[in-house]
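Structure first, commentary second.
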Amino acid sequence: MKEYSPLELAFLGDAIHTLFVREYVLENFNKPMNEIHRICSHYCSATHQSEVLANLTLTDDEAEIVRRARNAKAKHTAKNAEVKDYKFATAFEALIAYLSLNGKEERLQEVLHLSVK
């Protein structure tokens with residue numbers, strides 16, 4: 001398997017997390033589409049992802065992935081987030097991809113479900 005950079009992991013993790021959130025919201029909220037979009041945007045925001053990450057208890061391997069992704073040199077930041085939140089959101093997304101790519105399905109589902117609570 002290819003070894004991905006922290007930013008590549010974040011790119012993949014963003015897609016995995018967004019798909020999970022959209023499916024979760026459609027299954028659990030009976031709202032108009034504009035409200036569905038607003039709810040999804042909240043769960044996928046850098047601020048929310050940063051908060052979720054701050055509340056996780058990480059294994060040593062997970063903490064290393066998070067550290068590397070948080071410290072990766074991104075060329076841009078989120079337009080609606082503080083730099084700190086953006087870096088932690090990048091780390092959260094990298095963690096999601098790491099769990100997915102390494103077959104840690106139970107832990108992945110745990111983290112994904114915590115992100116929509």
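Derivation of every value follows stated rules applied to the coordinates shown; laboratory data play no part. A quick note: this is a predicted structure, and the numbers were derived from the prediction, not measured. Neighbour counts are summed over all protein chains in view; Cβ atoms, including those assigned to glycine, are modelled from backbone coordinates with ideal geometry.
Worth a mention:
- Note on D61 and E35: their simple-model spin labels are 4.2 nm apart, each label 7 Å out from Cα toward Cβ.
- Shape category assigned to region 67-117 from the gyration tensor of Cα positions, a/c cut at 1.5: oblate
- Under Karplus coefficients 6.51, -1.76 and 1.60, residue-wise ³J(HN,Hα) of region 98-112 in Hz, glycine/proline x: 4, 5, 5, 5, 9, x, 8, 4, 4, 5, 4, 5, 4, 5, 4
- Among [x] 21.6, 76; [y] 13.8, 42; [z] 17.5, 59, the entry that matches Rg and Dmax of the Cα atoms in Å as calculated here: [y]
- Size of charge dipole - the chain - debye, nearest 20, with Cβ of Lys, Arg +1 and Asp, Glu -1, no other charges: 480
- Protection proxy ranking, peptides 49-60, 79-90, 24-35, average beta carbon neighbours within 10 Å, highest first: 79-90, 49-60, 24-35
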